[in-house]
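Following: one structure in structure tokens, then a few remarks.
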Amino acid sequence: MATIAVTLPDGSERSLADGSTAADLAADIGPGLAKAAIAATINGEPRDLNCALSEGDSVGLITTSTDEGLETIRHSTSHVLAQAVLDLWPGATFAIGPPIENGFYYDFELVDGATFTDDDLERIDARMREIIKADQPFIRGEVSAAEGLELFADHKYKRATIERVTSGVADGEEAGEVASDGTVSFYRNTDTFVDLCRGPHVPSTGRLGHFKLMKVAGAYWRGNENEPMLQRIYGTAWADKKALNVHLHNLEEAAKRDHRKLANELDLVSWPAELGPGLAVWHPKGALVRKMMEDYSRDRHEQGGYDFAYTPHIAKSQLWETSGHLDFYADGMYPPMEIDGATYYPKPMNCPFHVMIYKSDQRSYRDLPMRIFELGTVYRYELSGAIHGLLRSRGFTQDDSHIFATREMLQEELASLLEFVLSVLRAFGFEDFQAKLSTRPPEKAVGDDEIWDMATDGLRAALETAGLDYVVDEGGGAFYGPKIDVDVKDAIGRAWQLSTIQADFNLPERFELEYVASDGERKRPVMIHRALFGSVERFFGVLLEHFAGAFPVWLAPMQVQVLPVAAAHADYAEQVAASLRAASVRVEIVEATDPLGKRVRAGKSAKLPYVLVVGDDDVANTTVGVNARGLEVERDVAVDAFVARVLNDIETHA
């Protein structure tokens, strides 16, 4: 019998009978792998398990435990969703249904503009499980573009995808299921259901089943608001029941921690419709937390040798033309204002203003590094569908720093910056970090090779000195310089991208910045952008979700409540509160107009760090009863000892 040899990912070779498939390879390696494999990569390309192998192929097997395996499961489940909907709604048509992070979606158009309801998800779920139980095979096919148009004659969005490629509007890389030569790939589950798709898929629907349909939403065809609005069904899918349940539990926990919900419940922030989308007002309690954040940031920057700056909220178009924002970022800027014969724009960035400060005087190498810091409010015209509370706003304040340095100072300055970033993030309770180093893009980039190498090596050295885990995004840097992005993981394991350190060789060139070097020559400085919080609003929102509204003592808007058991204890409650105020602790008294239990519960619902109860014994012994958040009740705690305890919490950021 003729044989073929294929190469496995570890470099070893395997001999198989001629005509063997990737599934045969899995079975040849072992029954465990045969059970776990759901797809393969052949010469680097994802393929179905039933794909035939050829002599010399490099083959990897995709299992349910890999990211590629989960993507295959989710993609296949989206096809089952589409099949179920078309079964249940005669005349419906479908658009696209890709896998996404943690799940999948599919877009549909129902007859006569009908829409799905949440109750419909139960019917769809039941039909999907019938399809899965039937264990229908996913069968791949290929036809010409003309045949593809005929195959999808009743589905205009599938036809539109084919036509985009064949007409040259889009290439095969964009569409995937339509090759540049016009070949159309599709998958058939039954005689009645076929979908335009590049694959791969699991071998059959019976390999699926650990999914949940999550919600219905609207979505424009191709994301274009000028195109028809479609009905989008989102779902999540996993390799096993345990993983699905863990994900659903995490979603429940995330919903409890939603900063918009907590901001309302704790009276911190609101978004009045009268202001417009993406614009928040800060209530006194939220503003107090923000003040503590900003005060801490100011103190650290002052200690770190930064100079403070304040800059306007608008500037003439000339500034944005020189900076390049009107060439590269105009869609993200608010519309201009015509005043006094000039055109003004609200600022989307603080950088050019700090450049103006640098440029206001002749600079010497002795002036460098020059570190400028500002809590500068900017305005960006985010699409309304992208706005998400404080996490993505149209008006927000950046803790922006710009450092002007010589080339020789660059590496040391970058290392110092990363150390500064991590120390501040740790002060706010974050300990789990992941970084990404983005390097020079392959297309044209400003700056010579030497300075790119110097900046990139400096960023890499800073990461390694800090002992920070990082991944490299080759070619992912901006055209004007490499950067580090720092993600933090919150209390429930979600990653948030917060801090950025970015080298910039572009703005110094555009604005013709100079300094006088030690040899008397005029040279160009390097500019470093550094946002630590990212924005105050976003950082506050992340903190709110991280702590589930239970801010640490130093950040809590109200740190202590004192509850007299009865009116007779009111004077003593005031004495306790006075001792705390004298130590600059934020404290309030809740009078005995309601039952004690109700007042204690209210304090806990407000997520206060400490609720103190004072009664007869406390008056006699100068003590308090301490209800510390999340801990057992303590009796007979001396007032002086409690004050010292709170001060220690504040000073250590406990």
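Compute the helix-to-body angle for 284-303: its Cα long axis versus the longest principal axis of the chain, expressed 0 to 90° and rounded to tens.
90 degrees
When ranked by the protection proxy of mean other Cβ atoms within 10 Å per residue, highest first, what sequence do the peptides 327-338, 37-48, 119-130 form? Display every interim value, and only then the final one.
Working: 327-338: 12.3, 37-48: 19.5, 119-130: 15.5.
With the highest mean Cβ count within 10 Å placed first, the list reads 37-48, 119-130, 327-338.
Using the structure shown, select from Lys156/Lys241; Lys291/Lys489; Lys156/Lys256; Lys347/Lys436; Lys241/Lys261 the pairs with a Cα to Cα distance greater than 31 angstrom.
Numbers: Lys156/Lys241 37 Å; Lys291/Lys489 24 Å; Lys156/Lys256 41 Å; Lys347/Lys436 28 Å; Lys241/Lys261 29 Å.
Where the Cα-Cα span goes over 31 Å, the pairs concerned are Lys156/Lys241; Lys156/Lys256.
Which percent of the accessible heavy-atom area of the chain goes to carbon and sulfur, probe 1.4 angstrom? Numbers along the way, then the final one.
Details: 14870 of 30870 Å².
So the carbon and sulfur contribution to the accessible surface is 48 percent.
Per residue, how many Å² of accessible area does region 396-473 show with a 1.4 Å probe?
On the way: 3380 Å² over 78 residues.
Per residue, region 396-473 has 43 Å² of solvent-accessible surface.
Helix-only estimate, please: 222 nm mean residue ellipticity of the chain, summing -39500 (n - 2.57) across DSSP H runs of length 4 or more and dividing by its residues, to the nearest 500. Numbers along the way, then the final one.
On the way: 21 runs with 229 residues, N = 654.
That comes out to -10500 deg cm²/dmol.
Leaving out ligands and nucleic acids, note down the accessible area per residue over region 189-295 with a 1.4 angstrom probe, in whole Å². Numbers along the way, then the final one.
Values: 5480 Å² over 107 residues.
Per residue, region 189-295 has an accessible area of 51 Å².
Grab the other residues whose beta carbon is less than 15 angstrom from that of Val446, score K and R as +1, D and E as -1, and report the net. Present the calculation step by step, with values, prior to reporting the outcome.
Values: positive: Arg407, Arg440, Lys444, Lys483, Arg510, Arg524; negative: Asp327, Glu443, Asp448, Asp449, Glu450, Asp453, Asp504, Glu509, Glu512.
Taking every other residue near Val446 into account, the sum is -3.
How much length would be gained if the chain were fully extended between Leu647 and Lys241, taking 0.36 nm per residue of separation minus their Cα-Cα distance, in nm to one decimal? Numbers along the way, then the final one.
Working: separation 406, 0.36 × 406 = 146.16 nm, distance 4.72 nm.
The span from Leu647 to Lys241 would gain 141.4 nm if fully extended.
Between Tyr470 and residues 5 or more places away or on another chain, which pairs have amide H atoms under 5 Å apart, with H built 1.01 Å from N, and which residues are they?
Ala435
Roughly speaking, what is the centre-to-centre gap between region 256-311 and region 105-135 when only Cα atoms are used, to the nearest Å?
42 Å
Go through Gln561, Leu608, Asn50 and say which Cα lies farthest out towards the positive end of the charge dipole of the chain; charges sit on Cβ, +1 for Lys and Arg, -1 for Asp and Glu.
So the residue furthest toward the plus end is Gln561.
Relative contact order (percent) for the chain, with alpha-carbon contacts under 8 angstrom and 6 or more residues of separation?
Numbers: 1193 pairs, mean separation 53.5, N = 654.
Contact order relative to length: 8 percent.
On the full set of protein chains, 1.4 Å probe, figure out the accessible area of Tyr345 and give it in Å² to the nearest 10.
40 Å²
At a probe radius of 1.4 Å, what is the per-residue accessible area of Trp452, in Å² to the nearest 10?
About 0 Å², rounded to the nearest 10.
State the Cα centre-to-centre distance between region 313-388 and region 1-51 in whole Å.
56 Å
Suppose all protein chains stay in the model; what accessible area per residue would a 1.4 Å probe give for region 571-623, in Å²? Please report the intermediate quantities before stating the final value.
Values: 2830 Å² over 53 residues.
I get 53 Å² per residue for region 571-623.
Among Ala638, Tyr379, Cys197, which residue has its Cα furthest toward the positive end of the charge dipole of the chain, with +1 on Lys/Arg Cβ and -1 on Asp/Glu Cβ?
Ala638
Cα centroids of region 496-544 and region 632-647: how far apart, whole angstrom?
Centre-to-centre distance over Cα atoms comes out at 46 Å.
The values are calculated or read from the model by the stated rules, or taken from the named source; none is laboratory data. What you see is a predicted model, and the numbers here were worked out from it, not measured in a lab. Quick reminder, even Gly has a Cβ in these numbers, built from the backbone with ideal geometry, and neighbours come from all protein chains shown. These accessible areas exclude ligands, DNA and RNA; they are computed on the full protein's heavy atoms, side chains included. Shrake-Rupley method; radii C 1.70, N 1.55, O 1.52, S 1.80 Å.
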